[in-house]
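The values are calculated or read from the model by the stated rules, or taken from the named source; none is laboratory data. As the structure is a prediction and not an experimental result, all values here were calculated from the model. Positions of Cβ are generated from backbone atoms using ideal geometry, with glycine treated the same way; all protein chains shown enter the neighbour counts. For accessibility, only protein heavy atoms count, side chains too; no ligands or nucleic acids. Shrake-Rupley method; radii C 1.70, N 1.55, O 1.52, S 1.80 Å.
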Amino acid sequence: MSDARDPLRARLALATGRSAGRLSQALGKGSGSMIGGRLALRVDPQVLRAVAGDRRSVLVTGTNGKSTVTALVAAAITPGGAVVSNTTGANMTDGIVTALSADRTSALAALEVDEVYLEPVARGTRPKAVVVLNSSREYTRGVSLKSTLEHWRRTAAALPDDCVAIVNVDDPLVSWAFETAPRRIGVSGGLYWRGDALICPACGSVQDFTDDSWSCPGCRRSRPEPDWKVVPDGDGWAVEHAGERTRIEVTVPGRTGPVGGAFALAAADALGVDVAEAAERVSAVADVDGRYAPYRLGDHAARLLMLKNPAGWAEAIDVAVSTDRPLVVAVDPFGPKDTATMWEAPFQRLAGERVAVTGGRTADAVAILDAAGADVVEAPDIESAVRAHAPGEVMVACNYPAFRRISKQFRGGTH
Amino acid sequence: MSSALTVATLFPLATVAAADEANASALVRRGAARDLSVETVTVDRADSFVDADVYLVGGTGRGGVAALVEALTSTDLAARVSDGAVLLAVDAGLDAIARSWVDPSGARHQGLGLAPVDIHAAPEVTGTVVTRPDASLDLPALIGWEANDLRTVREDGVRALFTLEVGAGNRTDDAVGGAAEGVLAGSVLGTRLHGPLLALNPELADLVLARATHRSEPWPALESPAIERARRERIAEVRRESPKADWRSRLPGPVAARLRR
Ligand SMILES: [Zn+2]
């Protein structure tokens, strides 16, 4: 909504952007937010600053897990006031403009930000906290990791003095890029994909990795001690911070869930929200976008994961191995290079294990898993793939179209 | 294992990912099947350069090429390659080892000169590529992906790495009038093809291993049914979608050329 406080040009920009958004919705082209937001920005680049206003924002960026952590952050900060969030996943500058202009009253914002757009979004929103999850290369992005890291470093140096950078210190690339932030706190966020972090971004030396830490023999940088970390707590997880231990329940399987929770609690703390209260809100998040709640299939329960790059696949493999859950790989056609980067994922961790494969790209998945030494079974459909494993919980690792298809099928076609 | 090879991936972070990083592990797997033990290393700064039998340099986009040329120039790569080490250069890597390349503004720059090609600007082409079988290199029809806006012009008399059944390749013809792709000069293999090229096409991994071990006799037959099936399905899909791909274009280059005459 346009607001009398906005400069006239920004008001005009918002009006144009919104009507284009409605038009694209009427034409059935997606949610309309991209078209609306993009038009709005073309009219006035100051519009983000206008719609952000003086609300207190948390930005969430990184290569993987942004949507999930943004949802957890949005929940965690609700005790501090009403929260606006770009829940459609439109995470570039224009999508964020659209989300913020649709809700001009909420005093808080939890915003997922495409890693390449961090600088303009940070300039426009002047955030109170920036959450940085991880960093790895993505095929088809057209941007080198090096230039993303340099962009982050510039952005970090220009953050407002009262902004806290909440960074995953387990990722040496993220740690380096946010060295320049005025205030920085560390979360032990895990590193599933060392492939891109083998070389120190500061000096080019080969890093020394241990199970849970890293150091550079060249420039003597090492993993900063995390201020927030996830620890096992009985049959579940807790987050440790400043000598306090806060129990956290997150439906996301494996360490991924509680780690996202730790980022969310750190963000809540940065905004002055009580951590115990934030943890309750995080634990009440049953599901994010149909992604994590398990689906019942007789004696089996299937948990879906959507993966888009080798780091994502590495995380899924880690969840399966570390939680001792069997794996189904479901991949559907998604353009010519749909399975290309799966060859880079560490499927050899599943050597000798039974993995069931299904979907329109079964032949590719079988080839990849066979090369990794897994015991591959092909299944004609998702139910038989899940039932190829013993009763209990099964991880279903999907690419984007398989995730869409299978979650729709499991929900009984309600979406 | 009868002998050991070192495969070095050079400066992977300098360029945009081209999904080519699984090429190193593909050489490890195919090597194991060929009784060769293959070790891999990643080199990301000049003073950690190692003597290797195979060098992989790749990625895509023209943004990183200048940095890649500079980094490679300060290594012994040229000396190693003239001693017979194999160099597989993919896309941005091919620009870097060319005699000359063009940056996005159109300005021409010197490359390392390890591949006898000059690079020129061209309209953008993206898509799946199918090569023609090549008996001289013991290669069946292979699959890969191209995404570039470049024309790769070989020096007279230098052969292309592939002739294409489907795809634009170098935007130049091969010796018999087919669409040329890449360059093969001594122990240097240059290509625009993205993706896990050696993983999807184990026969090409064989070619790299044979050159690296100075093997002249053909490898014994070795089937990889799962990969061959994935490739067969992918090629069938491309042929269905590509109007250009008639039966004639599936023939080996020389046969197709004779039919045209
Ligand atoms: Zn260093």
Exercise. Please enumerate the residues belonging to the stretch B:25-44 that are in a helix (DSSP H, G or I) and either open to solvent by 20 Å² or more (accessible area, probe 1.4 Å) or more than 10 Å from every other protein chain (Cβ to nearest Cβ) (or both).
Key: B:SER25, B:LEU27, B:VAL28, B:ARG29, B:ARG30, B:GLY31, B:ALA32, B:ALA33
Exercise. Mind listing just one residue for me: the one in the stretch A:197-231 that is more than 16 Å from the ligand (Cβ to nearest atom) and under 24 Å from A:ALA270 (Cα atoms) and, of those, nearest to the other protein chains (Cβ to nearest Cβ)?
Key: A:PRO226
Practice problem: Check off (1) open to solvent by less than 10 Å² (accessible area, probe 1.4 Å); (2) more than 13 Å from every other protein chain (Cβ to nearest Cβ); (3) modelled with pLDDT of 90 or more for A:VAL319 and give me the number that stays unchecked. | Solution: (3)
Quiz item: Is it the case that the stretch A:328-335 has a residue that's surrounded by fewer than 24 Cβ atoms within 10 Å (Cβ to Cβ), touching a residue at least 60 places away in the same chain (Cβ under 8 Å), under 23 Å from B:ASP20 (Cα atoms) and in contact with a strand residue (DSSP E or B) (Cβ under 7 Å, 6 or more places away or on another chain)?
Solution: no
Quiz prompt | Members of the stretch B:158-179 found to be within 23 Å of B:VAL208 (Cβ to Cβ) and out of contact with any strand residue (DSSP E or B) (no Cβ under 6 Å at 6 or more places or on another chain), listed by number | solution = B:THR163, B:ALA175
Quiz prompt | Search result, residues across the stretch A:128-161 that are open to solvent by less than 20 Å² (accessible area, probe 1.4 Å) and modelled with pLDDT of 95 or more | solution = A:ALA129, A:VAL130, A:VAL131, A:VAL132, A:LEU133, A:TRP152, A:THR155, A:ALA156, A:LEU159, A:PRO160
Quiz item: With respect to the numbered conditions (1) away from the ligand (no atom under 16 Å from the Cβ); (2) crowded, with 18+ Cβ neighbours inside 10 Å, which one is the sole condition not fulfilled by A:GLY272?
Solution: (2)
Self-check item: Evaluation of A:VAL164 against (1) within 15 Å of the ligand (Cβ to nearest atom); (2) buried (at least 22 other Cβ atoms within 10 Å of the Cβ) (one fails), failing number
Solution: (1)
Exercise. Answer yes or no as to whether A:GLY392 is away from every other protein chain (no Cβ under 13 Å) and open to solvent by 40 Å² or more (accessible area, probe 1.4 Å).
Key: no
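Rundown of residues vs (1) open to solvent by 10 Å² or more (accessible area, probe 1.4 Å); (2) within 25 Å of B:GLU237 (Cα to Cα); (3) modelled with pLDDT under 95, yes/no style:
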position: B:VAL90; (1), (2), (3): no, yes, no
position: B:GLY93; (1), (2), (3): no, no, no
position: B:LEU112; (1), (2), (3): yes, no, no
position: B:GLU124; (1), (2), (3): yes, yes, yes
position: B:THR152; (1), (2), (3): no, no, no
position: B:ALA185; (1), (2), (3): yes, no, no
Practice problem: Among the numbered conditions (1) among the polar types (S, T, N, Q); (2) within 26 Å of the chain's Cα centre (by Cα); (3) surrounded by fewer than 21 Cβ atoms within 10 Å (Cβ to Cβ), tell me where A:THR358 comes up short. | Solution: (3)
Quiz item: Is it fair to say A:ALA385 is open to solvent by 40 Å² or more (accessible area, probe 1.4 Å) and in contact (Cβ under 8 Å) with a residue 24 or more places away in the chain?
Solution: no
Quiz item: Taking into account only those residues within the stretch A:171-190 that are in contact (Cβ under 8 Å) with a residue 40 or more places away in the chain and within 16 Å of the ligand (Cβ to nearest atom), which is nearest to A:PRO226 (Cα to Cα)?
Solution: A:SER175
Practice problem: Go through A:THR246, A:THR251 for me and flag whichever is open to solvent by less than 50 Å² (accessible area, probe 1.4 Å) and over 17 Å from the mean Cα position of the chain (by Cα). | Solution: A:THR246
Quiz item: Scanning the stretch B:50-65 for residues that are within 12 Å of another protein chain (Cβ to nearest Cβ) and hydrophobic (A, V, I, L, M, F, W, C), which turns out nearest to A:SER135 (Cα to Cα)?
Solution: B:VAL65
Practice problem: Test each condition in (1) more than 14 Å from chain A (Cβ to nearest Cβ); (2) of a type outside the set (D, E, K, R); (3) out of contact with any helix residue (DSSP H, G or I) (no Cβ under 8 Å at 6 or more places or on another chain) for B:THR126 and report the one that comes out false. | Solution: (1)
